[in-house]
Amino acid sequence: MSKIRWSESRMWTVGLVLLAFVWLGQGVVFAELKVSPANVSAAKFPRIGGHWVGRITDSVNGSGTLVLLIQQTDQDIVGSFDAPFSNAADAQTGSLRGSVAGATNTVSFNLKPNTIPGCVYAATKGTIVSATEFKGNYLGNRFCGNNSGSFDVTREHP
């Protein structure tokens, strides 16, 4: 059997190559760690983006349908709503803005109808029942007539 004789220069070359691999390997780990916080923070928030439809019961307008189109970035939600009631004159459409909280599994948002200046319906701490249902209560400000009500919606599709 022959003995392998390593010259000092070969040992330095092998050592530098190994050092380069270790250094590059750490670079990959750092790159993954850099990306991870965004993914981790996004995972903390329930995902409710999508098309939701359900019932709404209003203290003034009675029963109707609530349609929500929601877009979500981390905990922030924006979108639109449509709330037709049995009396077509009571129907409302407008914008939605709010947030979700993972720790309490709740959703809070404001609905602003397009046709009633200054009106804001505040839905605070609605319960996210499952990946396909959330429900809660809302209260309109004085510009809305101080009406209140409840809603229960299910996800039609993401």
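Values in this text are rule-based calculations from the coordinates and carry no lab data. All values derive from a computational prediction rather than experimental measurement. Every residue, glycine among them, receives a Cβ derived from its backbone with ideal geometry; neighbour counts consider all protein chains shown.
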* Asked: Can you sort C144, C119 by how many other beta carbons sit within 10 Å, fewest first?
  -> C119, C144
* Asked: Rg and Dmax of segment 83-153 over Cα atoms: what are they, in angstrom?
  -> 12.7, 39
* J(HN,Hα) series, segment 57-67, from Karplus relation 6.51 cos²θ - 1.76 cosθ + 1.60, nearest Hz, glycine and proline x -> 10, 10, 5, 10, 8, x, 8, x, 10, 10, 10
* Structure fact -> Counting Lys and Arg as +1 and Asp and Glu as -1 over every other residue whose Cβ sits under 12 Å from the Cβ of F81, the net charge comes to +1
* Under 5 Å, built H, 5+ apart or other chain: amide partners of V120 -> N141, F143, C144
